[in-house]
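What follows is a single structure, written as structure tokens, with notes after it.
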Amino acid sequence: MKPGSTAASVRKSEFPGDGPSWAAGKWPIFKFVGLFAILMVVFYAITFIPFLNLKVLPGLQILNANVSTWIMNIFGENARAMETTIVSPRYSVNIAHGCDAIEPAGLFAAAVLAFPVAFRWKLTGLVVGVSTLLVLNLVRIVSLFYAGVL
């Protein structure tokens, strides 16, 4: 014990879980986790809207198939997209629900929106991050196609 310190102050520093001081410094963490959880609930609630499930999300899967086909044709694949399926003389791949990078993008967006920085930085992070996830998903689809060819 240091000279001039009391037993009570030593006890507080030795047992950080005792009393209200433990949670006081953790408020930003609780706020982030709580906001993140709320945003994820909102994201999943939105994705269960029938119009989105029946019209918008399949449209994104078709877009993924078309763009992936275009990329493969740059490499001379002679592939074509039929709705959500990429067909080639060598192999076929179907882009199903869940293969469209919507969930990772939603998870990323919720984390960025919950993070305590200025909105302009959040907007920049959203644009760069979600774009990167969508591009990486296209790389994944093309890679899976070529893995199937092998």
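Looking at the stretch 75-90, can you tell me whether even one residue there is open to solvent by 40 Å² or more (accessible area, probe 1.4 Å) and in contact (Cβ under 8 Å) with a residue 40 or more places away in the chain?
Looking through the stretch 75-90, at least one residue is open to solvent by 40 Å² or more (accessible area, probe 1.4 Å) and in contact (Cβ under 8 Å) with a residue 40 or more places away in the chain.
Pull up the stretch 91-148, narrow it to residues that are among the β-branched types (Val, Ile, Thr) and not in a helix (DSSP H, G or I), then point me to the one that is most open to solvent (accessible area, probe 1.4 Å). Full working, then the answer.
Here is the first cut: in the stretch 91-148, the residues among the β-branched types (Val, Ile, Thr) are 93, 95, 102, 112, 117, 124, 127-128, 130, 132, 135, 139, 141-142.
This time we only want the ones that are not in a helix (DSSP H, G or I), so: 93, 95, 117.
Values: 93: 24, 95: 4, 117: 63 Å².
Checked the stretch 91-148; the qualifying residue most open to solvent (accessible area, probe 1.4 Å) is 117.
Any idea which residue in the stretch 76-90 is nearest to residue 61 (Cα to Cα), counting only those that are within 29 Å of the chain's Cα centre (by Cα) and not aliphatic (A, V, I, L, M)?
It comes out as 84.
Can you find even one residue in the stretch 83-103 that is within 26 Å of residue 29 (Cβ to Cβ) and modelled with pLDDT of 90 or more?
Yes, because at least one residue in the stretch 83-103 is within 26 Å of residue 29 (Cβ to Cβ) and modelled with pLDDT of 90 or more.
Tell me whether the stretch 42-56 contains one or more residues that are free of Cβ contacts under 8 Å to residues at least 40 places away in the same chain, within 22 Å of residue 93 (Cβ to Cβ), surrounded by 15 or more Cβ atoms within 10 Å (Cβ to Cβ) and not polar (S, T, N, Q).
no
The values are calculated or read from the model by the stated rules, or taken from the named source; none is laboratory data. All figures in this text were calculated on a predicted structure; none of them were measured in a lab. Positions of Cβ are backbone-derived with ideal geometry, glycine not excepted, and every protein chain shown enters the neighbour counts. When the accessible area is computed, the model is the full protein with side chains, heavy atoms only, and any ligands, DNA or RNA have been set aside. Shrake-Rupley method; radii C 1.70, N 1.55, O 1.52, S 1.80 Å.
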